[in-house]
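K.L.:
Starting off with a structure, shown below.
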Amino acid sequence: MLPCFIAIAGPSGSGKTLFAQTIRERVAELEPLLGLALIKEDAYYRDQSHLSLEAREKVNYDHPAALEQELLQHHLQCLRRGEAVDVPVYDYSQHTRAADVERVRPAPVVIVEGILLLSDPGLRAEFDIKFFVDTPLDICLLRRIARDMQDRGRTLESITEQYENTVRPMYYEFIQNTARYADMVITGGGRNAVALDVVGSMVLGLLRESPTADIKA
């Protein structure tokens, strides 16, 4: 099945980023020589440098149209063929892509996390294993407030306004029903120790089966 592409989807603030990062850290600690790539769907927000900052702030970032999913799909296809890709870098403070890119090389296991990974049939078909992180929306909102105020310098007013106008409505329209496409639904995200153990063991097993595992000293 290698290379294996794993999707970790779910609403904003559900804990999917922490879940994916924790898996990556565990693999790096136990098997530092085995390759695991991690890609964030957020990196594929469309370039909006042609718009004013004020206009960018009004974009609905929770609608599938805000993401260049066709580029993400193309990049996954390249990685499956053994080709490296240049993943965009998104600047949250400017609401557009930065000038830099991140070079991602082919790996036996590629984890992609994002809110709308399972919404597009073409993109969804690229994943071999699909997870959906299901967390109550009130918890998601509290986590989102803490994250955006601390890490992105946003005000409570702007966060709650965006949540009411786009985040929550788009969740019900485009995200909630994609849980049916998941192979496993995970509650609590990165705080679910049992799920972390199960998925972490699975990822380690896949990596140890890869040809690169034979290179270890």
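The values are calculated or read from the model by the stated rules, or taken from the named source; none is laboratory data. As the structure is a computational prediction, the values presented were derived from the model and not from experiment. We place every Cβ from the backbone using ideal geometry, glycine too, and count neighbours over all the protein chains shown.
K.L.:
Is it the case that Val203 is surrounded by 19 or more Cβ atoms within 10 Å (Cβ to Cβ) and either in contact with a Cys (Cβ under 8 Å, 6 or more places away or on another chain) or assigned to a helix (DSSP H, G or I) (or both)?
P.N.:
Working: surrounded by 19 or more Cβ atoms within 10 Å (Cβ to Cβ): yes; either in contact with a Cys (Cβ under 8 Å, 6 or more places away or on another chain) or assigned to a helix (DSSP H, G or I) (or both): yes.
Yes: the conditions hold for Val203.
K.L.:
Being under 25 Å from Ala107 (Cβ atoms) and among the aromatic types (Phe, Trp, Tyr) is the filter here, so list the residues in region 158-217 that pass it.
P.N.:
Tyr181, the sole residue that qualifies.
K.L.:
Take Arg180 and decide whether it is without any contact (Cβ under 8 Å) to a residue 60 or more places away in the chain and either surrounded by 16 or more Cβ atoms within 10 Å (Cβ to Cβ) or farther than 23 Å from Glu68 by Cβ (or both). Walk me through it before giving the result.
P.N.:
Numbers: without any contact (Cβ under 8 Å) to a residue 60 or more places away in the chain: yes; either surrounded by 16 or more Cβ atoms within 10 Å (Cβ to Cβ) or farther than 23 Å from Glu68 by Cβ (or both): yes.
Against the criterion (without any contact (Cβ under 8 Å) to a residue 60 or more places away in the chain and either surrounded by 16 or more Cβ atoms within 10 Å (Cβ to Cβ) or farther than 23 Å from Glu68 by Cβ (or both)), Arg180 qualifies.
K.L.:
Considering each of Ser119, Ser158 in turn, give the residue that is among the hydroxyl-bearing types (Ser, Thr, Tyr) and under 30 Å from Arg80 (Cβ atoms). Explain how you work it out, then say what you get.
P.N.:
Numbers: Ser158 fails: under 30 Å from Arg80 (Cβ atoms).
Of the residues listed, the single one that is among the hydroxyl-bearing types (Ser, Thr, Tyr) and under 30 Å from Arg80 (Cβ atoms) is Ser119.
K.L.:
Follow-up. Of these, Ala84, Ala65, Ala99, which one is closer than 16 Å to Leu123 by Cα, of a type in the set (Gly, Ala, Ser) and surrounded by fewer than 16 Cβ atoms within 10 Å (Cβ to Cβ)? It would help to see each step written out before you state the result.
P.N.:
Details: Ala84 fails: closer than 16 Å to Leu123 by Cα; Ala99 fails: closer than 16 Å to Leu123 by Cα.
Among Ala84, Ala65, Ala99, only Ala65 is closer than 16 Å to Leu123 by Cα, of a type in the set (Gly, Ala, Ser) and surrounded by fewer than 16 Cβ atoms within 10 Å (Cβ to Cβ).
K.L.:
Let me ask another. Please enumerate the residues belonging to region 69-81 that are among the aliphatic types (A, V, I, L, M), surrounded by 17 or more Cβ atoms within 10 Å (Cβ to Cβ) and out of contact with any strand residue (DSSP E or B) (no Cβ under 7 Å at 6 or more places or on another chain). Write out each step before concluding.
P.N.:
Initially, region 69-81 is screened for residues among the aliphatic types (A, V, I, L, M), giving 71-72, 76, 79.
In the following step, the residues that additionally are surrounded by 17 or more Cβ atoms within 10 Å (Cβ to Cβ) were identified as 72, 76, 79.
Across region 69-81, the qualifying residue is only Leu72.
K.L.:
Exactly one of these conditions fails for Ala7: (1) within 23 Å of Arg143 (Cβ to Cβ); (2) assigned to a helix (DSSP H, G or I); (3) small (Gly, Ala, Ser). Give me its number.
P.N.:
(2)
K.L.:
Moving on. Pairs needed: first member in region 103-122, closer than 27 Å to Glu31 by Cα and of a type in the set (D, E, K, R); second member anywhere, part of a strand (DSSP E or B) and at pLDDT below 95; C-beta distance under 7 Å; at least 6 residues apart or different chains.
P.N.:
From region 103-122, no pairs qualify.
K.L.:
Related question: Answer yes or no as to whether Ala125 is out of contact with any helix residue (DSSP H, G or I) (no Cβ under 9 Å at 6 or more places or on another chain), aliphatic (A, V, I, L, M) and surrounded by fewer than 18 Cβ atoms within 10 Å (Cβ to Cβ).
P.N.:
Values: out of contact with any helix residue (DSSP H, G or I) (no Cβ under 9 Å at 6 or more places or on another chain): no; aliphatic (A, V, I, L, M): yes; surrounded by fewer than 18 Cβ atoms within 10 Å (Cβ to Cβ): yes.
Against the criterion (out of contact with any helix residue (DSSP H, G or I) (no Cβ under 9 Å at 6 or more places or on another chain), aliphatic (A, V, I, L, M) and surrounded by fewer than 18 Cβ atoms within 10 Å (Cβ to Cβ)), Ala125 does not qualify.
K.L.:
Going by what's in this entry, would Ala213 be described as modelled with pLDDT of 90 or more, small (Gly, Ala, Ser) and on the phi < 0 side of the Ramachandran plot? Lay out the reasoning, then the answer.
P.N.:
Working: modelled with pLDDT of 90 or more: no; small (Gly, Ala, Ser): yes; on the phi < 0 side of the Ramachandran plot: yes.
The answer is no for Ala213.
K.L.:
Can you work out which of the residues in region 24-41 that are part of a helix (DSSP H, G or I) and at pLDDT below 95 is nearest to Gln73 (Cα to Cα)? I'd like the intermediate steps shown before the answer.
P.N.:
Step one: filter region 24-41 for residues part of a helix (DSSP H, G or I), giving 24-30, 41.
Okay, now just the ones that are also at pLDDT below 95, so 24-30.
Numbers: Arg24: 22, Glu25: 25, Arg26: 27, Val27: 25, Ala28: 26, Glu29: 29, Leu30: 30 Å.
Taking the candidates together, the pick is Arg24.
K.L.:
Which condition number does Ile186 fail, the rest of (1) surrounded by fewer than 14 Cβ atoms within 10 Å (Cβ to Cβ); (2) touching a strand residue (DSSP E or B) at 6+ places or on another chain (Cβ under 6 Å) being met?
P.N.:
(1)
K.L.:
Which condition number does Tyr163 fail, the rest of (1) surrounded by fewer than 21 Cβ atoms within 10 Å (Cβ to Cβ); (2) farther than 30 Å from Arg208 by Cα being met?
P.N.:
(1)
K.L.:
Select from region 1-50 the residues that are under 16 Å from Asp62 (Cα atoms) and of a type in the set (Lys, Arg) and write down the one among them that is surrounded by the fewest Cβ atoms within 10 Å (Cβ to Cβ).
P.N.:
Applying the filter and picking the extreme gives Arg46.
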